[in-house]
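Each remark here refers to the structure printed beneath this line.
We did not get these values from a lab; they are worked out from the coordinates using the rules stated. Model, not experiment: these values are computed from the prediction. Backbone-built Cβ (ideal geometry, glycine too); neighbour counts: all protein chains shown.
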Amino acid sequence: MSNLMTPREAAALCGVTVDAIWQWKRRGLLEPAGLDERGRPLYRQLDVARAEKRTRARAHRTVGPVAA
């Protein structure tokens, strides 16, 4: 299970808030890949990165500072 992470770890990986991870889950962009020992959702790194990319593309955002 080394490639699975908690919502907090997933948020840190993508530079977003934990609330963003929960929103992606609610919107069907991200599905848990498993559960931890307490029944909390765990996510795959690749799935989190894909959800972040889809969200960024929908918002027409790019990574990094906006050019002036």
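Neighbouring Cβ atoms within 10 Å as the yardstick, rank L46, L13, L29 fewest first.
L46, L13, L29
Count the net charge of all other residues whose Cβ sits under 10 Å from the Cβ of Y43, scoring Lys and Arg as +1 and Asp and Glu as -1.
Net of charged neighbours comes to -1.
So how do K53, K25 line up by other beta-carbon neighbours within 10 Å, fewest first?
K53, K25
Report, by chain and number, residues whose modeled amide H sits under 5 Å from the one on L42, excluding near sequence neighbours (fewer than 5 apart, same chain).
A33, G34, L35, D36
How large is ³J(HN,Hα), in whole Hz, for each residue of segment 11-17 in order, when computed from phi with the Karplus curve 6.51 cos²θ - 1.76 cosθ + 1.60 and θ = phi - 60°, using x for Gly and Pro?
Once θ is set to phi - 60°, the couplings for segment 11-17 become 5, 4, 4, 9, x, 10, 7 Hz.
If you plug each phi of segment 26-34 into the Karplus form 6.51 cos²θ - 1.76 cosθ + 1.60 with θ = phi - 60°, what whole-Hz ³J(HN,Hα) values come out, in order, with x for Gly and Pro?
Calculated HN-Hα couplings, in order: 4, 7, x, 8, 9, 10, x, 9, x Hz.
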